[in-house]
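See below for the structure under consideration.
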Amino acid sequence: MVANGKAGGAEKLAGALRKFIPVKNSNPARVDLTPGCAFGVVVDERLKEMERQLGEVKDRLNGLIYLVIGAVVVEVVLRLMK
């Protein structure tokens, strides 16, 4: 309780304990992982661009694999129909 604009002893104790006891439901997403220097920003941007390009290569490779598998299936079906 607050009496005369001053916090009571229990509230002061609870406030002090909150500073030292870790919160169990803390959100790890609140941690700031952004680089603190220009070099880190450049490296981060390059890494993101490489990840995007790698995703494009993977998509194209998957498309090529499906194309080859489809061609093989069509060839097998055509040979069985003869």
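The values are calculated or read from the model by the stated rules, or taken from the named source; none is laboratory data. Fair warning: this is a prediction, and the values are worked out from it, not measured in the lab. Reconstructed Cβ throughout: ideal geometry from the backbone, glycine too, with neighbour counts over all protein chains shown.
At-a-glance table
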{"item": "Counted residues, segment 1-15 - those being assigned to a loop (DSSP other than H, G, I, E, B) and modelled with pLDDT of 65 or more", "result": "1"}
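Let's see how each residue does on (1) in a helix (DSSP H, G or I); (2) hydrophobic (A, V, I, L, M, F, W, C); (3) surrounded by 10 or more Cβ atoms within 10 Å (Cβ to Cβ); (4) at pLDDT 95 or above:
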site: Leu17; (1), (2), (3), (4): yes, yes, no, no
site: Lys24; (1), (2), (3), (4): no, no, no, no
site: Asp44; (1), (2), (3), (4): yes, no, yes, no
site: Leu64; (1), (2), (3), (4): yes, yes, yes, yes
site: Ile69; (1), (2), (3), (4): yes, yes, yes, yes
